[in-house]
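Novice: Dropping a structure here in structure tokens format, bear with me for questions.
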Amino acid sequence: MSRPRVFVTRVIPAIGLDRIKVACDAEIWTDQLPPPREVLLQKIRGCNGVVTLLTEKIDAEFLDAAGPQLKVISNYAVGFNNIDVAEATRRGVRLGNTPGVLTEATADLAFALLISAARHVVDGHRYVLAGKWKTWEPLGHIGQDLCGKTLGIVGMGRIGCAMARKCHGGWDMRILYHDQYRNEVAERDLRAVQVDFDTLLRESDFVSVHTDLNPTTTGMFNAAAFQKMKRTAIFINSARGPLHVQSDLYHALKNGDIFAAGLDVTDPEPPALDDPLLTLPNVVILPHIASGTVSSRNGMAEICADNLLAGLTGQPLRAWVNRPN
Ligand code: DGY
């Protein structure tokens with residue numbers, strides 16, 4: 001019996017990729033950059049399964065190009081805003097993602113951004129490298145305390161909750177959260193309080209966003225939102241760039257509407273080199289690396305392979321985004 005044909009849009013950790021190669025007739029895109037769209041559409045033609053990243057847009061055009069034999073799309077990410085889920089579901093294509101294994105790593109990085117932005121970690125490093133450190137400065141590089149402050153979490157799912165737990169347990173922070181659902185575990189264990197968005201913006205010293213990107217959350221951090229925040233506030237985005245309006249964030253940071261920001265995601269990614277945000281001293285920007293630890297990337301690769309292989313044989317996916325009810 002011939003092996004299923006699959007296209008894998010990037011090299012992922014061997015712990016998952018090797019299993020895919022053994023079980024499938026797999027073509028792997030080995031470049032650092034994603035395949036150009038027209039190449040992608042040609043490569044997936046006739047495939048039974050595809051492994052994708054958040055850089056690949058999966059829409060009707062993609063699904064048409066693949067053809068009706070496509071059974072499964074295994075997205076190497078927990079987020080799936082790159083996928084038209086309704087369209088794939090309508091065509092009976094199973095979608096998998098990689099939840100759970102990157103929760104702590106992502107929350108750790110959100111916290112790293114928070115402390116970096118609060119205490120001038122990156123700006124201070126640049127200062128030293130530039131030879132500007134001449135002496136101990138009583139008034140230099142003054143930042144914000146963390147202990148006992150109020151953390152506002154937007155999106156109290158797995159990652160938001162992990163961030164809240166670290167900040168509550170380690171830094172005795174009071175936790176506010178905004179989410180369409182109640183998180184009773186966070187309320188019980190962290191004394192988290194669910195509030196409306198405006199209250200969260202007004203009362204939080206730090207606002208960390210962990211919600212998914214969808215039409216209702218796109219651009220929720222805009223000029224109006226930044227203006228409601230404290231002038232000492234720090235904004236952290238480790239979820240998706242389009243949750244904030246980048247030019248509004250620039251103006252808020254430049255004008256001192258908020259104190260600082262820490263971003264693991266931008267809009268677009270990467271940001272243009274002439275994006276004025278890159279000129280500011282009070283923003284720390286990382287290249288979307290929150291899930292970048294050995295165990296979390298390996299875990300993602302394992303789930304990704306499990307999802308792909310299950311979908312190819314008509315089995316339930318380990319993490320199934322469009323599981324029928
Ligand atoms: C995800 O999984 O959605 C991240 O953005 C990449 O790890």
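Novice: Report, in degrees rounded to the nearest 10, the 0 to 90 angle that the Cα long axis of helix 103-118 makes with the longest principal axis of the chain.
Specialist: It is inclined by approximately 30 degrees.
Novice: Continuing with this model, one more query. Take ASP31 and ASN214, extend 7 Å from each Cα along the Cα→Cβ direction, and tell me the distance between the two endpoints in nm.
Specialist: With each label point 7 Å from Cα toward Cβ, the separation is 3.4 nm.
Novice: Which percent of the Cα-Cα distances in the chain go past 33 Å?
Specialist: Values: 17119 of 52650 pairs.
More than 33 Å apart: 33 percent of the Cα pairs in the chain.
Novice: Where does each of HIS125, HIS120, HIS251 land when they are ranked from fewest to most other beta-carbon atoms within 10 angstrom? Intermediate values should be presented prior to the final figure.
Specialist: Numbers: HIS125 11, HIS120 20, HIS251 16.
If I rank by nearby Cβ atoms, fewest first, I get HIS125, HIS251, HIS120.
Novice: What does the extension gain come out to for ALA224 and GLN180, with contour length at 0.36 nm per residue minus their alpha carbon separation?
Specialist: Between ALA224 and GLN180, full extension yields an extra 13.8 nm.
Novice: Give the relative contact order (percent, whole number) for the chain; include only Cα pairs under 8 Å separated by 6+ residues. Don't skip to the answer; put the middle values down first.
Specialist: Details: 632 pairs, mean separation 65.3, N = 325.
Contact order relative to length: 20 percent.
Novice: Quick check: the angle from helix 14-23's long axis to the longest principal axis of the chain, C-alpha only, nearest 10 degrees?
Specialist: Here the helix axis deviates by roughly 10 degrees.
Novice: List SER116, SER208, SER295, SER247 from most exposed to least, where exposure is judged by having the fewest other Cβ atoms within 10 Å. Intermediate results must be reported in sequence, preceding the final value.
Specialist: Numbers: SER116 21, SER208 28, SER295 11, SER247 14.
Least crowded to most crowded, the residues run SER295, SER247, SER116, SER208.
Novice: To continue, here is another question. I need LYS71, LYS254 ordered by Cβ neighbour count within 10 Å, fewest first. The partial results should precede the final answer.
Specialist: Details: LYS71 21, LYS254 14.
Ranked by crowding around the Cβ, least crowded first: LYS254, LYS71.
Novice: Further question on the same structure: Filter LYS21/LYS43; LYS21/LYS71; LYS149/LYS254; LYS149/LYS230; LYS230/LYS254; LYS166/LYS230 down to the pairs with a C-alpha to C-alpha distance above 20 Å, please.
Specialist: Working: LYS21/LYS43 16 Å; LYS21/LYS71 17 Å; LYS149/LYS254 24 Å; LYS149/LYS230 12 Å; LYS230/LYS254 14 Å; LYS166/LYS230 22 Å.
Pairs exceeding the cut-off: LYS149/LYS254; LYS166/LYS230.
Novice: For the range 64-117, rounded, prolate or oblate, judged on the Cα gyration tensor with a ≥ b ≥ c (square roots of eigenvalues), a/c < 1.5 rounded, else prolate if a/b > b/c? Each step should come with its number before you reach the end.
Specialist: Working: a/c = 4.25, a/b = 3.15, b/c = 1.35.
Since a/c reaches 1.5 and a/b is larger than b/c, the shape of the range 64-117 is classed as prolate.
Read-outs throughout are calculated quantities, based only on the coordinates presented, and are distinct from any laboratory measurement. Everything numeric here is computed off the predicted structure, so don't read it as measured data. Here the Cβ is made from the backbone with ideal geometry for all residues, glycine too, and neighbour counts use every protein chain on show.
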